[in-house]
Amino acid sequence: MTFGPNPWQQASWDWRAACNFMAGGAGSGLVVCAALADSPAWLLAAGAGVIAFGLFAVWLELGRPWRSWRVIRHGARSWMSREALVAPLLFAAVAAAWFGMPGASWAAALLALVFVTCQARLLQAAKGIPAWREPRLVPLLVFTALAEGIGAWLVLSAASAVPHRIWISFAIVLMARLALWHAWRRNVRTAPRASAAIDAAGTVFKLATLLPLAAALVALASPLSDGPARALQALAGALALGGGLWFKYTLVTRAGFNQGFALPHLPVRGVPRRQEA
Amino acid sequence: MTRWAMVADLRRCVGCQTCTAACKHANATPPGVQWRRVLDIEVGEYPDVQRAFVPVGCQHCDEPPCADVCPTTATKKRDDGIVTIDYDICIGCAYCAVACPYQARTKTMRAGFAYGQASEHEVQRRDDTRLAVATKCTFCVERIDDGLARGLTPGVDPEATPACVNACISEALSFGDLDDPDSNVSRALAENQHFRMHEELGTGPGFFYLWDRKNTESAA
């Protein structure tokens, strides 16, 4: 590793941290969608399971994992603490929904939204990484998570018909994430290699947003026969999910360049010793 | 109040890395970990090229992003401006490392030795509490606290001054109390033009760089 002055890719967080953002977003989105669609509780549980997998992955990255309970100590300022505080509440709400408690699925959906917002703010609070600290990343990650969640729901529910309100939500969320991606990308000033990684992932991301959007519009406009409708549903869901996951993986592991060091002024050489000045 | 700060006179630094070596000696950091680094920066294109040596490390910020993000409160800022890490609380999540705009923090997962096997002094100075947690420059806080307890003045008395400052062969580094208008750092800042790294981020670094005298016609 070189130590500047030029930016370099952060080496502190690898695929394990990326998994937390990928699984946390997709799982939260799935919980929200499952509540919205009044789905069976196993879909809520699947979302919670995906979130738990992400948390387990990032736990593997801790230097001192057996102290990890201390992560909740700084809820007043740290978004990582807040994420850790919300997660058990979310799991409890999903468990309550599993046992049929009325309103629990909506509580789980609300907590999932809070959880994914914590994750987005967590990344945005990393001032050392220009691509992460751009404020528009927060809504982008939240809407990406929602699109991933609906996508996952479409894949997992491919055996049943999709309510119109889900297709409409899917289309709105996809349009929002595309607009937010452009807004975020316009404002990111980062190293050329990070920009190249973002743009490469961005091409996939945009395709994985536009194609499912087209699929949603087709499904809304002209109800297909059962077979093609199921295939379209699964394909659109998988694309929306995969594009979002790939974007977040890239964001953490390839676009996480710091800003290096910069000298606003060069030294003017030749000065006497301080006490002689 | 006291606000400890460091000043690096970029006009005087010759890039000898003695501060880096002194820091490693004083703090027994493992191979590859440098709490005090000196960047060798070339600016421009041939033949119009300038070179600058820039000491970097923890900037002990007024608003340290590392302390805000730390989920365990292991990282804290003292009243005198020194940012500290409690190695017994840190979980090694490295959130502080990605939050720091100065790349000042390191996490070492396992003990490393300069020549493969541990030498005698490496065995003596081995500190496993610093493994798998975040570490960084402390401004040699133990020397400061110990010196103050003995009535010494950090930045003036070598026993109470950070090792890098003591070691600097060209008197490029100085240390002192910003809140004392007569301290060496306050006088240096009053007499010279200076900047702080990435000031636009609002972190308020406690590390200043001098680049020219004030009111000179030869300002670059």
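For A:LYS206, list the lysines whose Cα falls under 16 Å from its own Cα; do not include residues on the same chain fewer than 8 positions away.
A:LYS248
Starting from the 7 Å offset along Cα-to-Cβ, what nm value, one decimal, do you get for the label separation of A:MET175 and A:ASP199?
Distance between the two pseudo-spin positions: 2.9 nm.
Eigenvalues of the Cα gyration tensor times 5, then square-rooted: what semi-axes does that give for the stretch A:134-202, in whole angstrom, largest first? Please list the in-between numbers first.
Working: eigenvalues 171, 31, 13 Å².
Working from the Cα gyration tensor, I get semi-axes of 29, 13, 8 Å.
So what is the 222 nm mean residue ellipticity for chain A from helices alone, if each DSSP H run of at least 4 adds -39500 (n - 2.57) and you divide by all residues, rounding to the nearest 500 deg cm²/dmol?
Working: 9 runs with 190 residues, N = 277.
Mean residue ellipticity at 222 nm (helix-derived): -24000 deg cm²/dmol.
List B:THR72, A:THR250 from most exposed to least, where exposure is judged by having the fewest other Cβ atoms within 10 Å.
Values: B:THR72 25, A:THR250 22.
Taking fewest neighbouring Cβ atoms as first place, the list is A:THR250, B:THR72.
What number results when the radius of gyration of the stretch B:4-213, computed over Cα atoms, is divided by 2.2 N^0.38 Å?
Working: Rg = 17.3 Å, N = 210, 2.2 N^0.38 = 16.8 Å.
Compared with the compact-globule rule of thumb, the stretch B:4-213 sits at 1.03.
I want to check the label-to-label distance for A:LEU217 and A:HIS182. Put each point 7 Å from Cα in the C-beta direction and report it in nm to one decimal.
1.3
Using only the Cα atoms of the stretch A:15-259, what do you get for the radius of gyration and for Dmax, in Å?
Final numbers for Rg and Dmax: 17.7, 55 Å.
Alpha carbons only, please: Rg and Dmax for the stretch A:99-238, in angstrom.
Taking only Cα atoms of the stretch A:99-238, I get Rg and Dmax of 17.0, 52 Å.
So how strong a dipole does chain B carry about its Cα centre when Lys and Arg Cβ are +1 and Asp and Glu Cβ are -1, to the nearest 20 debye?
On the way: 23 positive and 31 negative charges, 120 e Å.
Dipole about the Cα centre, nearest 20: 580 debye.
Near B:LYS77, which lysines are there with a Cα under 30 Å away, not counting those fewer than 8 places off in the same chain?
Correct list for B:LYS77: A:LYS127, B:LYS24, B:LYS107, B:LYS136.
Along the Cα-to-C-beta direction of B:ASP79, a point sits 7 Å from the Cα; which residues of the stretch B:159-193 have their amide N less than 17 Å from that point?
Under 17 Å, as judged by backbone N against the label point of B:ASP79, lie B:177-180 of the stretch B:159-193.
With N set to the number of residues, divide the alpha-carbon radius of gyration of the stretch B:1-96 by 2.2 N^0.38 Å and report two decimals.
Values: Rg = 16.5 Å, N = 96, 2.2 N^0.38 = 12.5 Å.
Normalised Cα radius of gyration, the stretch B:1-96: 1.33.
For the stretch B:135-217, what are the per-bin percents of Cα-Cα distances with bins 10 Å wide, up to the bin holding the maximum?
16, 43, 33, 7, 0
Starting from the Kirkwood Rh over alpha-carbon pairs, what translational D in µm² s⁻¹ does the stretch B:65-132 have by Stokes-Einstein at 10 °C and 1.306 mPa s?
On the way: Rh = 13.5 Å.
Roughly 118 µm²/s, to the nearest whole number.
Simple spin-label model, 7 Å along Cα-to-Cβ: B:ASP182 to B:ALA21 in nm?
Distance between the two pseudo-spin positions: 3.7 nm.
Order by neighbour count: B:ASP127, B:ASP180, fewest other Cβ atoms within 10 Å first, most last. Don't jump to the answer; show the numbers that get you there.
Details: B:ASP127 12, B:ASP180 16.
Going from least to most buried by this count: B:ASP127, B:ASP180.
Under a point-charge model restricted to the Cβ atoms of Lys and Arg (+1) and Asp and Glu (-1), what is the dipole moment magnitude of the protein assembly as shown relative to its Cα centre, in debye to the nearest 20? Numbers along the way, then the final one.
Values: 47 positive and 40 negative charges, 201 e Å.
Result for the protein assembly as shown is approximately 960 debye, rounded to the nearest 20.
Hey, how many Å between the Cα centroid of the stretch B:1-38 and the Cα centroid of the stretch A:18-61?
45
Let me know the whole percent of all Cα-Cα pairs from the stretch B:29-79 that are separated by more than 16 Å.
Details: 807 of 1275 pairs.
So the pairs more than 16 Å apart make up 63 percent of the total in the stretch B:29-79.
If the convex hull of the alpha-carbon atoms of the protein assembly as shown is projected onto planes in all directions, what is the mean projected area in square nanometres? Working shown, then result.
Details: hull surface 110.9 nm².
Across all orientations, the protein assembly as shown yields a mean hull projection of 27.7 nm².
Report the equivalent ellipsoid semi-axes for the stretch A:198-249 in whole Å, largest first, defined as the square roots of five times the eigenvalues of the gyration tensor built from alpha carbon atoms.
Numbers: eigenvalues 120, 22, 6 Å².
Its equivalent ellipsoid spans semi-axes of 24, 10, 6 Å.
Divide by every residue of chain B the summed helix terms, -39500 (n - 2.57) for each DSSP H run of at least 4, and state the resulting mean residue ellipticity at 222 nm, rounded to the nearest 500 deg cm²/dmol. Let's see the in-between values first.
Values: 7 runs with 47 residues, N = 220.
-5000 deg cm²/dmol, from helical runs alone.
Per the Kirkwood formula on distinct C-alpha pairs, the Rh of the stretch A:27-164 is how many angstrom? If you can, show how the numbers build up before the last one.
Numbers: mean 1/r = 0.0641 Å⁻¹.
Radius from the Kirkwood sum: 15.6 Å.
Which order do the peptides A:105-115, B:11-21, B:165-175, B:40-50 come out in when sorted by mean C-beta neighbours inside 10 angstrom, highest first? Let's see the in-between values first.
Values: A:105-115: 22.3, B:11-21: 18.7, B:165-175: 20.3, B:40-50: 10.3.
Going by the mean number of other Cβ atoms within 10 Å, highest first, we get A:105-115, B:165-175, B:11-21, B:40-50.
Using the per-residue mean of other Cβ atoms lying within 10 Å as a proxy for protection, in what order, highest first, do the peptides A:24-33, A:160-169, B:139-148 fall?
Sorting A:24-33, A:160-169, B:139-148 by mean packing, highest first, produces A:24-33, B:139-148, A:160-169.
Based solely on C-alpha atoms, express the radius of gyration and the Dmax of the stretch B:45-169 in angstrom.
In Å, with Rg to one decimal and Dmax whole: 17.2, 53.
Count, for each residue of A:65-73, the Cβ atoms from other chains sitting within 10 Å of its Cβ, then give me the mean as a whole number.
Details: counts 4, 1, 10, 5, 2, 9, 6, 2, 7.
Per residue, the average neighbour count from other chains is 5.
Determine the shielding of peptide A:13-20 by partner chains: average, over its residues, the number of Cβ atoms on other chains within 10 angstrom of each Cβ. Kindly include the intermediate steps, with their values, before the conclusion.
Numbers: counts 5, 1, 0, 0, 4, 0, 0, 0.
The mean count of partner-chain Cβ atoms within 10 Å per residue comes to 1.
Would you pull out the residues with amide H under 5 Å of B:LEU39's amide H, same chain only if 5 or more places away, H placed 1.01 Å from N?
B:VAL54, B:VAL56
Bear in mind these aren't lab numbers, they're just calculated from the coordinates by the rules spelled out. Note that the structure is a prediction, hence the values are computed from the model and not measured. Every residue, glycine among them, receives a Cβ derived from its backbone with ideal geometry; neighbour counts consider all protein chains shown.
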